[in-house]
Amino acid sequence: MEHFATAQQVFVGGLIFARMGAVVMLIPGIGETFVPTQVRLAFAFLFALILIPIVGGGVPAIPLDIGGVGGAIIKEVLIGLMLGGILRLFMTSLAAAGEIVSIQTTLSFAQTANPTEAQPSASLSTFLSLIGVLLVMTTDLHHLFIAAIVKSYTVFPFTRPVPVADAGQLAVQTVSSSFALGLQLSAPVLVFSLVFSVATGLVARVMPQFQVFFVAAPLQVLLGLSVFALSLGAIGMVWVDRYRQLLIPFGG
């Protein structure tokens, strides 16, 4: 080891890689399950090598016991999981919007494999999740992710303990804001569904013998998907803007 790098340099690289590996495992886009593990490991390793000259000076000396070394590595992994988890949690806003639209258009029974969540979900939810990954890459949000990771070494330096209470509060706020955003993104279809349900109810009261269900069900699917398609551009723009606002406190 001493012929190529000192023990302190190896310790610095290991701490940076611990945080980077945890972030890359969860970060949207690069950390998706359909991205090969070798690619994610290679990206985390190369990024750690790039960050060593930038943030390596803030790494403390090697602890004298193995417990101190293990504790420092675990702390960096926890911070990386916290950062990546917050970025991943916000992606659930699109999944929530897709589930709400699926329920309102009676398509919630149509389940497909969602590669971003590694489990089956409604087809529209899967579609919006893939749209979110596409928007992350096409709008250069992944550049802001990288900037936020670099800034995290200023916000959470190596000598600072893990802010468990603040991380829990931030996670709760992110989940609540993600669900609220998902409800807002699905608002056009919700309004249409409400108006359509009231209209079909009035028709059923006026003409009790009319088979409202057989006429209303296809129209609800067709018109609901039409409203969803017309509002898809606004959904993407609003979601990207809110995601960018989320990254501002992290330095993005």
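With the simple model of a label 7 Å out from the Cα in the direction of the Cβ, L41 to R160 spans 3.1 nm. Once you order the gyration tensor axes a ≥ b ≥ c over the Cα atoms, which shape class does the chain get: rounded for a/c under 1.5, otherwise prolate or oblate by comparing a/b with b/c? Judged from the Cα gyration tensor, the chain comes out prolate (a/c at least 1.5, a/b above b/c).
Quick one: order L185, L194, L128 by neighbouring beta-carbon count within 10 Å, fewest to most.
Details: L185 26, L194 11, L128 31.
Lowest to highest Cβ neighbour count: L194, L185, L128.
The calculated FRET efficiency for the pair L170 and A217, based on their C-beta separation and a Förster distance of 41 Å, comes to about 0.45.
Could you work out how much longer the chain between K151 and V191 gets when fully extended? Use 0.36 nm per residue separation minus the Cα distance between them, nm to one decimal. Walk me through the numbers on the way to the answer.
Values: separation 40, 0.36 × 40 = 14.40 nm, distance 4.12 nm.
Gain on extension, K151 to V191, equals 10.3 nm.
May I ask you to compute the full-extension gain from L232 to L202, defined as 0.36 nm times their residue separation minus their alpha-carbon distance, rounded to one decimal in nm?
Working: separation 30, 0.36 × 30 = 10.80 nm, distance 2.99 nm.
Computed gain between L232 and L202 is 7.8 nm.
Just from its helices, what would the mean residue ellipticity at 222 nm be for the chain, if runs of 4 or more DSSP H residues each count -39500 (n - 2.57) and the sum is divided by every residue, rounded to the nearest 500 deg cm²/dmol?
Computed mean residue ellipticity for the chain: -25000 deg cm²/dmol.
Suppose R0 equals 41 Å. What FRET efficiency, 1/(1 + (r/R0)^6) with r the Cβ-Cβ distance, do I131 and A5 give to the nearest 0.05?
Values: r = 44 Å, r/R0 = 1.07.
For I131 and A5, the calculated efficiency is 0.40.
Per-residue extension of 0.36 nm, minus the Cα-Cα distance of H143 and L49, leaves a gain of 32.1 nm for this segment.
Rule-based calculations on the coordinates, nothing more; no lab input. Computed from a predicted structure; not experimentally measured. When we count neighbours, we look across all protein chains shown, and the Cβ atoms used for this are built from the backbone with ideal geometry, even at glycine.
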